[in-house]
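Report on the following structure.
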Amino acid sequence: MTTLHNLGFPRIGARRELKFALESYWKGESSREALKQLGAQLRQRHWNDQAGLDLVPVGDFAFYDQMLDMSFILGNLPERARDFHGDALDNYFRVARGRSAQGAQEHAACCGGIAAGEMTKWFDTNYHYIVPEFTAETGFRLDASRLLEQLAEARANGTPAKPVLIGPVTYLALGKAKDDSDRLALLPRLLPVYGELLDTLAAQGVQWVQIDEPLLVTELDQAWQHAFNLAYHHLKACRVRILLATYFGQLQENRYLAANLPVAGLHVDAINGREDVLPLVNMLSEHKVLSLGVINGRNIWKTDLGAVLDWIEPLARRLGERLWLAPSCSLLHVPVDLRSEQEMDAEVRSWLAYALQKLDELRILGRALREGRDAVKTELADNLAALTARRASPRVNNPAVQAAVAQIDAGLGRRRSAYAQRAARQAALLKLPAYPTTTIGSFPQTAQIRHARSEYRAGRLDDATYAAAMRAEIARSVHEQEALGLDVLVHGEAERNDMVEYFGEQLQGYAFSQFGWVQSYGSRCVKPPILFGDISRPNAMTVDWIAYAQSLTDKPMKGMLTGPVTILNWSFVRDDQPRSVSCRQLALAIREEVLDLEKAGVRVIQIDEAALREGLPLRKAQWNAYLDWAVESFRIAANGVADETQIHTHMCYSEFNDIIAAIADMDADVITIETSRSDMELLDAFDDFKYPNQIGPGVYDIHSPNIPTQEHIVQLMRKAAERVPAERLWVNPDCGLKTRQWAEVIPALTNMVAAARTLRAAA
């Protein structure tokens, strides 16, 4: 009998219940007890949704982030958060976002703001985790209370529980040393705590524990390979069976290492690493389980069930009960339930599977293996019909778009003059002061904006009334920026629901969901558009809004666009052609928009590529191939403009020091990046690499409600000036201000502008 199991389930709820409960608690509008009760309700619902599986994950639910949960389980709190005596959940939120509940009695006494934990991307996904912090003195102490509570809930619910943990080697690898210490030197201190945790679970009657070690799909030097052997030889004495889970990529040269670790089972991503499977079958000992991730946990297209059965049926005959089936990774990265999508384009909807539907696919595969294909012949026939219809749909392929991509040549991505010449012409035109100030693009999406958009989508506001409401919000943003004294303004993006979905809605080749939400971090959810066909741009997308904003001010107005690589990486992308082809199609569409903005008199244009780093393959040997087409796509989009037009790009919450040469090759006149949470550490790349153009290191952490002081901003900018010549520095927040409130934004930007003036006076 093949075992069916799941690696993780979306925690936000089908209607984003967790998001709204968190934000209500943080605002002081609901109680901690109500938040915890909502969490318990979601967990029970999600366990019930996974009924019929042989093992169901427990511990995959988090109020903010699973890595932060692991830090609390291991007792690894930043020093600034250790002397806290209130409820542990409030301290958890302090580490996550800088503070907990506004206005709560405990908050006034002991939950004051601290520096939030650094946040970065989880491997090559758009999920952000809170980075563990280490020093040479870091110690670990077990606190399994959260996990044990969830285990007790699952047992009471009748759920066949499989606790889920982040593995010790991946935990250390994804953390950051806050001094010059070696993270691996902490492994001997860490392993006894993991051993204690596993023995605690064994004492509760747990038989299987899933330990996630996605680090195994990356290139490992000898020290990290040794760390895996050391860790799992230490843990093999524990009284539970360990399923070691890898995902997001290929094991390749790590196959032998993974196959020979002393664990009871190994899970591999058979979507991205199918070529690993047969070698592993031959390497694994006769008693070891092989779990195959045969359902794509990262994308939303239906699985070709017949094709999967064709290749796993022989494996099932060979492995018998040692074969387990699961999604490729946690379903955290896909929406919850396709049945909610009653307003979606029906044809496209028939091609999709969300988390619950993916589990249905898993059950069909399991039944086919256990009872034969005839037992599920209706389901297999329906699946084949949907796949055939998608392949034959005339909406997928556009010959005109394909011809345009075929005509791309190198000249399309080159600026007319070198940066030095462009910079002189831009300076003469824009007349900006030293340390020019700007923002990243968006301003707060107020309740009034969201209400107007909701009424417009529901048909209760006509086009003219909605446009008037958005123009009023744009005028407010322009007025506030002029009053603040910012140098380069933005229109505030009031009309945009999301930086990717907004553009997808105006491009042919995209479809949209109503409830396709996935978690990005904490309470922040995104709704990726669905890129199902060839991409074209029927009409201008932003020109009217930005031209209107420019008409309200004499200061430069920055046109705001999302770049082709970010639109690609933050969409659910078609899987029937190379991603590079889809990206070039997007680049041609954005290029048309850039040129139309320039024709409208917009002389500063920002093309956000927040997801450039995120799209990197996990193996460095594959980086150049990706960067070649990703950078080319940006250059195609950006570089058709005159020398006088200043091109900006923005990147946030990504470690990019190791690709700084590729970023320079993008040849943007100005880049803006996140550096506030990392205390300017991301500028270390400039110690050795002399970045040739201008840069705006983010000095205001917009993901925390804490307001930066003028002195702190000055201090950060002076650190930046140690690496980048002051005449090439801009002053800006680290990301857009969409998620903040005006009451936070105004004082923060006031301090930012004052800091810039202080820097100018001292120059």
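The values are calculated or read from the model by the stated rules, or taken from the named source; none is laboratory data. In this text, all values refer to a predicted model and were calculated from it rather than measured experimentally. Note that we place each Cβ from the backbone using ideal geometry, even for glycine, and neighbour counts take in every protein chain shown. Note: accessible area is taken over every heavy atom of the protein model, side chains too, but ligands, DNA and RNA are not part of it. Shrake-Rupley method; radii C 1.70, N 1.55, O 1.52, S 1.80 Å.
Examine segment 184-200 for a residue that is part of a loop (DSSP other than H, G, I, E, B) and modelled with pLDDT of 95 or more, and state whether such a residue exists.
Within segment 184-200, not a single residue is part of a loop (DSSP other than H, G, I, E, B) and modelled with pLDDT of 95 or more.
Considering V401, V478, V396, which residue is in contact (Cβ under 8 Å) with a residue 24 or more places away in the chain, outside any loop (DSSP other than H, G, I, E, B), more than 25 Å from G640 (Cβ to Cβ) and open to solvent by less than 40 Å² (accessible area, probe 1.4 Å)? Residue meeting the stated conditions: V478.
I'd like the residue in segment 679-733 that is among the polar types (S, T, N, Q) and part of a helix (DSSP H, G or I) and, out of all such residues, is modelled with the lowest pLDDT.
This residue is Q715.
Among the helices (runs of 4 or more DSSP H) lying completely within segment 518-615, list those that include at least 3 residues that are open to solvent by 40 Å² or more (accessible area, probe 1.4 Å). Walk me through it before giving the result.
Numbers: elements: 543-550, 564-569, 579-599.
Passing ranges, in order: 543-550, 579-599.
Residues are listed down the side, and each one gets a yes or a no for (1) over 23 Å from G273 (Cα atoms); (2) open to solvent by 50 Å² or more (accessible area, probe 1.4 Å):
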position: L174; (1), (2): no, no
position: D180; (1), (2): yes, yes
position: R189; (1), (2): yes, yes
position: L201; (1), (2): yes, no
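Taken over segment 324-352, the criterion of being among the aromatic types (F, W, Y) and either open to solvent by 10 Å² or more (accessible area, probe 1.4 Å) or outside any loop (DSSP other than H, G, I, E, B) (or both) is satisfied by W324 alone.
Among all residues of segment 321-335, there is none that is β-branched (V, I, T) and farther than 29 Å from Q622 by Cβ. With respect to (1) open to solvent by 20 Å² or more (accessible area, probe 1.4 Å); (2) in a loop (DSSP other than H, G, I, E, B); (3) within 27 Å of V478 (Cα to Cα); (4) not aliphatic (A, V, I, L, M), the lone exception for R425 is condition (2). In the condition set (1) under 22 Å from H648 (Cβ atoms); (2) under 29 Å from the mean Cα position of the chain (by Cα); (3) surrounded by fewer than 22 Cβ atoms within 10 Å (Cβ to Cβ), A447 is compliant with all but (1).
The set of residues in segment 171-219 being under 12 Å from A231 (Cβ atoms) and under 27 Å from the mean Cα position of the chain (by Cα) consists of Y171, L172, A173, L184, I211, E213, L215, L216. Answer yes or no: is there a residue in segment 213-236 that is closer than 27 Å to P279 by Cβ and among the β-branched types (V, I, T). There is at least one residue in segment 213-236 that is closer than 27 Å to P279 by Cβ and among the β-branched types (V, I, T).
Of the residues making up segment 734-763, those that are in a loop (DSSP other than H, G, I, E, B) and under 29 Å from the mean Cα position of the chain (by Cα) are D734, C735, G736, L737, K738, T739, R740, Q741.
Among the residues of segment 724-759, which ones are basic (K, R), out of contact with any Pro (no Cβ under 6 Å at 6 or more places or on another chain) and surrounded by 19 or more Cβ atoms within 10 Å (Cβ to Cβ)? Lay out the reasoning, then the answer.
Kept after step one, since they are basic (K, R), are these residues of segment 724-759: 728, 738, 740, 757.
Checking which are out of contact with any Pro (no Cβ under 6 Å at 6 or more places or on another chain) leaves us with 728, 738, 757.
Matches in segment 724-759: K738 only.
In segment 1-31, which residues are in contact with a Cys (Cβ under 8 Å, 6 or more places away or on another chain) and open to solvent by 40 Å² or more (accessible area, probe 1.4 Å)? Scanning segment 1-31 gives a single hit, R16.
The rows are residues; the columns are (1) surrounded by 22 or more Cβ atoms within 10 Å (Cβ to Cβ); (2) β-branched (V, I, T); (3) farther than 13 Å from V169 by Cβ; (4) modelled with pLDDT of 95 or more.
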site: A223; (1), (2), (3), (4): no, no, no, yes
site: H233; (1), (2), (3), (4): no, no, no, yes
site: K236; (1), (2), (3), (4): no, no, yes, yes
site: A245; (1), (2), (3), (4): yes, no, no, yes
site: F248; (1), (2), (3), (4): yes, no, yes, yes
site: Q252; (1), (2), (3), (4): no, no, yes, yes
site: L257; (1), (2), (3), (4): no, no, no, yes
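A residue that is assigned to a loop (DSSP other than H, G, I, E, B) and open to solvent by 30 Å² or more (accessible area, probe 1.4 Å) cannot be found anywhere in segment 32-50.
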